[in-house]
Amino acid sequence: MLLGGILLHPWQKSVDPLGDAKLSNARPTPTPAALAPTSVPAARAELVRANPNVPRAALVSLGAPVAQKFVEWGESFWVQMPDSRWIVATAIARANRVEELPLTGNKVGDARWIDKHCFVWLNPIGQTNPMWIDP
């Protein structure tokens, strides 16, 4: 009985049993020299410096677009949106009411008229789905 008590007694208590298991089962980590092929020397990273003689991009002003009063069907024209950006729209057709503006089959930049108001199919800033916008 004394021999059984000695054999079953834990001589050392583990503070972190999982940590001890990780330490005892851990494989050695190979060094970078061990990973590199022996015949080719390891490459070193080099700092790339910008060439000051390379020309940089410059802003170009194309002038202010001219808004047209009369356009023919299929013609493209400039229109200023409520958010102050200018876009190129294409005259497509007329509609009688806002409810008659089609929600499918449109391309970005299509323009349709209701009376004297032009509606343009466009993505509002910050949104991904296009809608009819009255400039």
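Here are a few things to note about the model shown:
- When the residues of region 99-109 are filtered to those that are more than 25 Å from the chain's Cα centre (by Cα) and surrounded by 12 or more Cβ atoms within 10 Å (Cβ to Cβ), the one that is nearest to P135 (Cα to Cα) is L101.
- Taking every residue in region 76-105 that is at positive phi and pairing it with any residue that is aromatic (F, W, Y) and buried (at least 16 other Cβ atoms within 10 Å of the Cβ), at least 6 positions away or on another chain, yields no pair with a Cβ-Cβ distance below 8 Å.
- Residue selection: F77 fails the criterion of being among the hydrophobic types (A, V, I, L, M, F, W, C), outside any helix (DSSP H, G or I) and at pLDDT below 75.
The values are calculated or read from the model by the stated rules, or taken from the named source; none is laboratory data. Computed from a predicted structure; not experimentally measured. Note that each Cβ is placed from the backbone with ideal geometry, even for glycine, and that neighbours are counted across all protein chains shown.
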